[in-house]
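Below is one structure, written out as structure tokens, with a few remarks after it.
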Amino acid sequence: QVQLVESGGGLVQAGGSLRLSCAASGRMFSRYYMAWFRQAPGKEREFVAAITRSGGSTYYTDSVKGRFTISRDNAKNMVYLQMNSLKPEDTAVYYCAAGEWTKVVVRSAEYGSWGQGTQVTVSS
């Protein structure tokens, strides 16, 4: 298991940017697929982005393609989500997740470790 702590959330106007960070503790961070999910009030948790162990491949939900970028630094045990051109509909609690045996990156059940979440609020 790996422990995850998110940071970087906040309040931003529509069109603005935020960078979320996720710090991982534990061994062998590079063995884990990493992902970001989000949950808006009254809605189910949804997949946002994922990155493979080496960082060689990334995946995004359609609504954030071209606006969000996921990256990782295995030397620092960090994963990031750069969010640009933010929209009010991006408002949610954002969660970092780690999966050691992830096969289907969009499925939350594929990830065994989760952070506590960080709030992102985008005002119109």
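Tabulated data for the structure shown
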item: Residue satisfying all of: in the range 111-124; open to solvent by 40 Å² or more (accessible area, probe 1.4 Å) and not in a strand (DSSP E or B); nearest to residue 57 (Cα to Cα) among these; result: 112
item: Those residues of the range 2-25 which are assigned to a loop (DSSP other than H, G, I, E, B), open to solvent by less than 40 Å² (accessible area, probe 1.4 Å) and small (Gly, Ala, Ser), in sequence order; result: 8, 9, 16
item: Residues (more than 15 Å from residue 115 (Cα to Cα), in contact with a strand residue (DSSP E or B) (Cβ under 7 Å, 6 or more places away or on another chain) and part of a loop (DSSP other than H, G, I, E, B)) located in the range 26-54; result: 40, 52, 53
item: Some residue of the range 88-107 being free of Cβ contacts under 8 Å to residues at least 60 places away in the same chain, open to solvent by less than 50 Å² (accessible area, probe 1.4 Å) and part of a loop (DSSP other than H, G, I, E, B); result: yes
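Per-residue answers, yes or no, for (1) touching a Ser or Thr at 6+ places or on another chain (Cβ under 9 Å); (2) more than 22 Å from residue 3 (Cβ to Cβ); (3) among the small types (Gly, Ala, Ser):
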residue: 53; (1), (2), (3): yes, no, no
residue: 74; (1), (2), (3): yes, no, no
residue: 86; (1), (2), (3): yes, yes, no
residue: 90; (1), (2), (3): yes, yes, no
residue: 97; (1), (2), (3): yes, no, yes
residue: 115; (1), (2), (3): no, no, yes
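The values are calculated or read from the model by the stated rules, or taken from the named source; none is laboratory data. Keep in mind that what you see is a predicted model, and the values were worked out from it rather than measured. No Cβ is skipped: glycine too gets one built from the backbone with ideal geometry, and neighbour counts run over all protein chains shown. Quick note on the areas: whole protein, heavy atoms, side chains included, nothing else; ligands and nucleic acids left out. Shrake-Rupley method; radii C 1.70, N 1.55, O 1.52, S 1.80 Å.
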